[in-house]
Amino acid sequence: MDKTYNLANFEAGFREFLESEHLSPVSLRNYLSDLRHFAGWSALFVPGSNQNIVSAFTVTHIEGYRAYLIESKIPLKTINRRLSTLRKACSHAINQALIKENPAKHVANVTEAPIPDRSASDEGNNTPLFQTSILDQVPPPPPTPVNPTELLSGFAADLENQGLARQDITNLRRDVEEFLSFLS
């Protein structure tokens with residue numbers, strides 16, 4: 001049987017994977033929410049990922065997602081939690097033989113930019129000898145997003161073709177609509 005790994009069926013397996021680790025209900029909810037957030041982002045920026053979420057599991061795409069989170073001024077702890085979720089989701093994908101290695105392990109957590117030491121500045125001016133910004137670490141932004149209305153229509157049609165229940169389609173569509181409204 002040919003099984004594609006869209007968000008709905010990947011998430012179900014990921015949930016089982018997480019439940020086997022006996023996580024708290026809050027941790028389980030956060031992992032699944034973070035996976036949905038990544039799926040929403042990738043549906044906009046990674047062609048084909050709404051049909052196969054695993055196609056977004058690459059170093060390039062995860063770095064682009066990290067850059068997006070930084071540029072959106074998401075708190076550092078939230079960014080790092082979402083990156084941790086992707087590491088765990090990629091581990092699940094490896095266990096399912098969907099990918100061979102964990103690309104998320106090659107994407108570093110975000111750390112706060114160092115505070116310049118004013119005592120090390122040039123004499124006579126207050127310019128520090130170094131200036132490091134988190135944004136200096138950010139790769140270029142991902143490609144231009146697709147039309148959200150087209151995306152939602154295609155997403156719903158794809159879910160219908162896979163035989164999902166009407167209520168599941170409605171709930172998933174609302175999640176994506178909520179994410180898209182957050183972006184605008």
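Data for the structure
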item: First in the stretch 70-91 and under 16 Å from Arg15 (Cβ atoms), second anywhere and of a type in the set (Gly, Ala, Ser), Cβ under 8 Å, 6 or more apart; result: Leu86/Ala104; Ala89/Ala104; Cys90/Ala104
item: Hey, Glu123 more than 25 Å from Glu63 (Cα to Cα), assigned to a helix (DSSP H, G or I) and at pLDDT below 85 or not; result: no
item: Matching helices (runs of 4 or more DSSP H) fully within the stretch 1-94 where at least 2 residues are within 30 Å of Glu112 (Cβ to Cβ) and over 15 Å from the mean Cα position of the chain (by Cα); result: 25-45
item: Members of the stretch 95-111 found to be assigned to a helix (DSSP H, G or I) and polar (S, T, N, Q), listed by number; result: Asn95
item: Residue in the stretch 147-163 that is at pLDDT 65 or above, among the acidic types (Asp, Glu) and in contact with a helix residue (DSSP H, G or I) (Cβ under 7 Å, 6 or more places away or on another chain) present; result: yes
item: Filter result (crowded, with 20+ Cβ neighbours inside 10 Å and of a type in the set (Ser, Thr, Tyr)) within the stretch 76-104; result: Thr85
item: Residues being among the polar types (S, T, N, Q), free of Cβ contacts under 8 Å to residues at least 24 places away in the same chain and under 15 Å from Ala93 (Cα atoms) - total across the stretch 21-60; result: 2
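Conditions (1) of a type outside the set (D, E, K, R); (2) closer than 23 Å to Val176 by Cβ, marked per residue:
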residue	(1), (2)
Glu19	no, no
Pro47	yes, yes
Thr78	yes, yes
His106	yes, no
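For every residue, the table says whether it meets (1) modelled with pLDDT under 90; (2) among the β-branched types (Val, Ile, Thr); (3) under 16 Å from Leu83 (Cβ atoms).
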position: Glu16; (1), (2), (3): no, no, no
position: Ser20; (1), (2), (3): no, no, no
position: Ser24; (1), (2), (3): no, no, no
position: Tyr31; (1), (2), (3): no, no, yes
position: Ser55; (1), (2), (3): yes, no, no
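The values are calculated or read from the model by the stated rules, or taken from the named source; none is laboratory data. The model shown is predicted, which means the values in this text are computed figures rather than measured ones. Don't worry about glycine lacking a Cβ; one is built from the backbone with ideal geometry, like all the others, and counts go over all protein chains shown.
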